[in-house]
Amino acid sequence: MPISSSMGRRSVLVAGMTLGAGALIAGLSGCGSSNGVADIPLAAATGNAARGRRMRIARPAASAAETLDPASSLSAYEYLGAIYNRLVKLDQQGTTVPDLASEWSSTPDGKTWTFKLRRGVRFHDGRVLTAGDVVYTLGHILDPATGSPQAGVLAPILEPSGVTASDSHTVVFALTSPNAEFPSLLTAYQCYIIPAGSAAAIGRTGIGTGPFRLSSYTPAGRGSVEAFADHFAGPPALDGIDFYSVQDTSARVNALLAGQIDLISQTNLDFATARVVASSPVATVARAKDAQWYTIPMLATSKEFSDPLVRQAMKLAYNPKDIVATALQGNGSPGWDNPVPPGYADALDYTRPYDPEQARALLKQAGVEGLRMPIYTSSYDSVFTPLAVAYAEAVKQAGINLTVTSASSDSYYTEIWMKKPLSVSYWFTGRPVDQLLNQVFRSGSSYNESAWSNAAFDQLLVDARREMNDERRRGIYQDAQRLIIEDGADMTPMFGDRLVGLSRKVVNYSEFGFEFDYLKIGLS
Amino acid sequence: MKATLRGAGPAFTIGIVLILGNVLLALLAPWISPYDPVASDSAAALQGPSGAHWLGTDMYGRDILSRTLNGGRYALQVTFLATTIAVAAGALLGCLVAYLGGWFDDVVMRVVDAILSVPTILALLVVVSVLGSGMWVIVLAVVVVYTPAVIRVVRGAARSVKSLDYVTAAKARGERAGPIVVREILPNVSDVVLVEYAMRASWVVLLISTLSFLGFGANPPAPDWGLMVAENRTALTVVPWATLGPVAALASFVIGLHLTSDGLGKRLGVDRAMTGVK
Amino acid sequence: MPLLILRRLGSAVLTIVLASLLVFLAIQALPGDVVQQILGRDATPEAVARMRSELGLDTPVFLRYVQWLFGALQGDFGTSLVSGEPVGPNLLLHFRNTLLIAVPTVIISVTLSIVLGVVAGLRRGKWADHSISLISLLAMSIPEFMVAALLVLAFAVGIPMFPAVVLDGPQASLAQLLPSIWLPVIVLSLAMAAYIIRMTRTSTIDVMTSEFITTAELKGLRRARVVMRHALPTALLPTLNVVAINIAWMLGGVVVVENIFNYPGMGNLMLEAVFNRDLPVIEAIAVVSAAIYVACNLLADLTAMALDPRQRFRPRARRGAGAQPGPKASPAISTVERSQP
């Protein structure tokens, strides 16, 4: 073989390898090296959004059975806030504020509530919003055939016949029992208002009053929304949003790093990935403060935790600050076993003691010194396992010996949660206090994950709903929180910030509870 | 064994060294690891390589070297168990099928063909979702998927042995099928079985890691090569060794198996490349 | 000869049917409630009960299999438990997308590996042989998920030449998918070529050392001519089977690659179906894969028969390896037997 051709081939090979290595180095250094990683920013960028831009959002692939019907348990969460509005919404302090309703009031007994609707609100198909649409929507939510999760909250106090339109822009709710917190129950994301008569089609048409109107939609697939010029609060900053479904978390992150998308929704980045993203020249990280509420339910019906002394010991045995440091790398706030987020106006300002020696003594008193048992976790959320590991590590000091046991993530919520004595779980924050306490802590509620039952606590909830004075009601809710901290079976070690990956071009990103601020978010 | 191995070449020696090295490190991991592989330390998260942590630490402050050392234990254990059972069962059945022939052969080979025609990964995923992802379930799943392949190969080899003089003689002596298969046929296909073992093992260990990578194998926080890659690959640029460490270990083990089976094949006259596929 | 082909066809069909039965029975044993899985954590008991009866999950297993088989024979693979859409068209769409990466993979890897394999075989023991063998050894030993991760980092994130993931759904047009196929194709080609290179190299060495090539060379024919005319065709014969099996293997291998690249092909559909316990989809994928596997092998066998007259007369039932004539009587096993995975 002639030397030249051999050399030629060799140099082609060398050139090819050099290109590959060069690209790899570019990839590595483009994202920062292990020494120079950027810190995770504290706040999202603000600024002026450019006109005429479209945003690309990647979301986890939902079930192919997902729908745009907001009342359904399979609603496509990202779309809802863009295309619909509720009567009222929740602000960051947990206070109920106007959305489609401009004002509301109740009779002194708290049984009859009257909502005045905003004037001149149009649906995407041009129809004007009237009280009839609200009556229809509530009927749809309460209809057992819809299977709406919010029906479980509303049905005990409201019958479909109790919702009436007194004029074209006034809706009257006649409750079956007094409820001072009724408006807050309408802030749930199942309560978006749909046009009258649309229940059969709403799953595909997505006609609402929101800042964007639907232009295309495939369940668990692609979809687009376009700015709705007639939106009552003015047109949104963006011209449109394209939604993409990407199942794998790493694939979503890679798409962001490669500049294919602008934002990853419903994805709490783990700490290492967040630093990769924050160091990228095209992407960065924003945080939704305290967005994830992590819990460790101790099943109160299990033999281990039926004794309140043992439950108390499990709490005294650990310091939530340590858990935040280890499991969240500081990206969150300690919960001190109070489920109400610290930023809420109704939150009780109380730090329970941390006392492993006292915990040890209580266990001895209960006859279970040196308690040994598994704590269940799964890869369902990126923080579950770190939380379980950190908690198990922390309670060792009190002589409690927990084995971290990992279960399959796809059956975690059917086989483990609410079945095993000790597991980890989480909720999104952004629930009104009344709903939070009633749904997750009241005896017999289907979401009561620890199966805790305390008659005094249940009575406080009933009292609060009857109490029309805001100050006094706040006091009752705070008493209820104290009971949860002292006797409750569901520990709240921490609230975690959700670390959201987004493009450096995104401005005015803000997410609270179950909703983006779709009106202001834009691209620079 | 010693006599068989002479003449297998230096590549074979390297292969054996790689395999033994990996097995030894996995066996000794609990004693030689500098740290507890699952103990997290928030103060030491995401550190680069240093004297205290040779390969650095991951996002929970766990020592990557300790995790890599321990990460092979699960995969190697499953690989050893599954390959041994699959090859043993496949070799026995393959010889038996070859010896008996007739309708028995037809029926077994039909089932073998049917199982082989289903993609390995689909069959594994189905078994793992039926029974969960415990270690024995994965062993069982791999056995189910790979035994038929071994049957097919060994049967082919055994058919040529079947008509040899001593088998015919044993048959004439009135010996039963069992003893004939075990005593006369099996020893004569042992070279094929040996090469098959090394080759299967190389595929099994990759398959196990793939399963872990896809989330069907080992569970966090357990250290496992495939799982470590799945957990850390997006952070490749921040903690490179958390991904590269386990992959290097895994690849060295697989290379060892390939070199060994090549060397064995060369020495024993079994053409390993004839077996072309995962 | 026609009878032989007919018998092979018959057994191929039987294999596919048997495979479908095995998979059907295995999935019946799936624990966990498919309905609960579909409706999610927020499902109300009433909704679960309603869906259960809608899906007809109370019919006996055997009856369901027979019903399914008859449907499948008419091209009806039932409806997905999750989306409620017919399985057939959806599967076809994903299959088309997988073909879009499978066909270039086969073309690239077969061409590349035959060239490299023959070169390595001809230059046995030389620099070229050593480097080709080393690279193929590495390609076989580094898991695909790692190769894929590195390629994404280098050519999607580092230098944005290719998209890192596919954002389009299965309905995307071929033109939309085209830019995203290259990284998956490279990953799969590397894995596949490694095996074919080794096969081609070995059979090239076998042929080149065999008697009839030595004779041809002694007759004074030019080496290039000997290689092209005589050695290559004989050497490629055993490669054919390895190629066939690799094509079938690729249907499984795409799972990892499609997962990493979010590629809307059959592999992703398979993962999703297993996660969701979507029985009709799993079943259909298994049968389609089995059919492809069987067809590839059948095709390879028939091609080998057509190319190599000696194989036509080999008695089927008694093909003992020792008796098989060939370029090099493999010591223990015939090529066809050995090449099954």
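Numbers below:
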quantity	calculated
So C:V207, is it within 14 Å of chain A (Cβ to nearest Cβ) and either under 20 Å from C:L112 (Cα atoms) or buried (at least 22 other Cβ atoms within 10 Å of the Cβ) (or both)	no
Check on A:R482, out of contact with any Lys or Arg (no Cβ under 9 Å at 6 or more places or on another chain) and touching a residue at least 60 places away in the same chain (Cβ under 8 Å)	yes
Matching helices (runs of 4 or more DSSP H) fully within region B:112-193 where at least 2 residues are of a type outside the set (F, W, Y) and either touching a strand residue (DSSP E or B) at 6+ places or on another chain (Cβ under 9 Å) or away from every other protein chain (no Cβ under 11 Å) (or both)	B:135-162, B:165-172
Among residues of region C:288-308, those that are surrounded by 24 or more Cβ atoms within 10 Å (Cβ to Cβ) and more than 8 Å from chain B (Cβ to nearest Cβ), counted	1
Single residue of region A:227-242 satisfying the filter (among the aliphatic types (A, V, I, L, M) and not in a loop (DSSP other than H, G, I, E, B)) that is surrounded by the fewest Cβ atoms within 10 Å (Cβ to Cβ)	A:A227
Subset tally (residues that are within 14 Å of chain A (Cβ to nearest Cβ), loosely packed, with under 14 Cβ neighbours inside 10 Å and either among the hydrophobic types (A, V, I, L, M, F, W, C) or closer than 25 Å to B:V78 by Cβ (or both)) for region B:12-57	1
Residue in region B:171-188 that is under 24 Å from the mean Cα position of the chain (by Cα) and surrounded by 24 or more Cβ atoms within 10 Å (Cβ to Cβ) present	no
Selected residue (only one of A:P178, A:P183 is more than 14 Å from every other protein chain (Cβ to nearest Cβ), more than 25 Å from A:R119 (Cβ to Cβ) and crowded, with 19+ Cβ neighbours inside 10 Å)	A:P178
Where A:S224 falls short, out of the listed (1) within 14 Å of another protein chain (Cβ to nearest Cβ); (2) modelled with pLDDT under 95; (3) over 22 Å from the mean Cα position of the chain (by Cα); (4) surrounded by fewer than 21 Cβ atoms within 10 Å (Cβ to Cβ)	(2)
Selected residue [within 13 Å of chain B (Cβ to nearest Cβ), over 16 Å from A:R311 (Cβ atoms) and buried (at least 20 other Cβ atoms within 10 Å of the Cβ)] from A:Y391, A:Y376	A:Y376
Which listed residue, of A:A71, A:A50, A:A61, is within 19 Å of A:N268 (Cβ to Cβ), part of a loop (DSSP other than H, G, I, E, B), in contact (Cβ under 8 Å) with a residue 40 or more places away in the chain and in contact with a Ser or Thr (Cβ under 7 Å, 6 or more places away or on another chain)	A:A61
Condition check for B:A82: within 13 Å of another protein chain (Cβ to nearest Cβ), assigned to a helix (DSSP H, G or I) and surrounded by 15 or more Cβ atoms within 10 Å (Cβ to Cβ)	no
Hey, A:L238 within 14 Å of chain B (Cβ to nearest Cβ), among the hydrophobic types (A, V, I, L, M, F, W, C) and in contact (Cβ under 8 Å) with a residue 24 or more places away in the chain or not	no
C:N259 being modelled with pLDDT of 85 or more and either of a type in the set (S, T, N, Q) or in contact with a helix residue (DSSP H, G or I) (Cβ under 9 Å, 6 or more places away or on another chain) (or both)	yes
Test result for A:L129, touching a Leu at 6+ places or on another chain (Cβ under 6 Å) and surrounded by 22 or more Cβ atoms within 10 Å (Cβ to Cβ)	no
Checklist (1) over 22 Å from A:L483 (Cα atoms); (2) in a loop (DSSP other than H, G, I, E, B) applied to A:R442, failing item	(1)
Unique match (being closer than 18 Å to A:N85 by Cβ, over 25 Å from the mean Cα position of the chain (by Cα) and among the acidic types (D, E)) among A:D125, A:D99, A:D167	A:D125
Selection from region C:113-152 of residues that are over 30 Å from B:L211 (Cα atoms) and either touching a His at 6+ places or on another chain (Cβ under 8 Å) or aliphatic (A, V, I, L, M) (or both)	C:I114, C:V115, C:L116, C:V118, C:V119, C:A120, C:L122, C:A128
Every residue from region B:58-74 that is crowded, with 24+ Cβ neighbours inside 10 Å and on the phi > 0 side of the Ramachandran plot	none
Filtered residue count, region C:248-273, keeping only those that are more than 10 Å from chain B (Cβ to nearest Cβ) and in a helix (DSSP H, G or I)	6
Single unsatisfied condition, A:A145 versus (1) at pLDDT 95 or above; (2) in a helix (DSSP H, G or I)	(1)
Residues within region C:158-201 that are buried (at least 23 other Cβ atoms within 10 Å of the Cβ), facing another protein chain (nearest Cβ under 8 Å) and of a type in the set (V, I, T), tallied	2
Filtered residue count, region C:274-286, keeping only those that are within 9 Å of chain B (Cβ to nearest Cβ) and either crowded, with 24+ Cβ neighbours inside 10 Å or in contact (Cβ under 8 Å) with a residue 60 or more places away in the chain (or both)	5
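To keep it simple, each residue is scored yes or no on (1) assigned to a strand (DSSP E or B); (2) closer than 30 Å to A:I400 by Cα; (3) within 14 Å of chain B (Cβ to nearest Cβ).
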{"site": "A:Y244", "(1), (2), (3)": "yes, no, no"}
{"site": "A:L256", "(1), (2), (3)": "no, no, yes"}
{"site": "A:T267", "(1), (2), (3)": "no, no, yes"}
{"site": "A:P281", "(1), (2), (3)": "no, no, yes"}
{"site": "A:P297", "(1), (2), (3)": "yes, yes, no"}
{"site": "A:E304", "(1), (2), (3)": "no, yes, no"}
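The values are calculated or read from the model by the stated rules, or taken from the named source; none is laboratory data. Not measured: the values here are computed from a predicted model. No Cβ is skipped: glycine too gets one built from the backbone with ideal geometry, and neighbour counts run over all protein chains shown.
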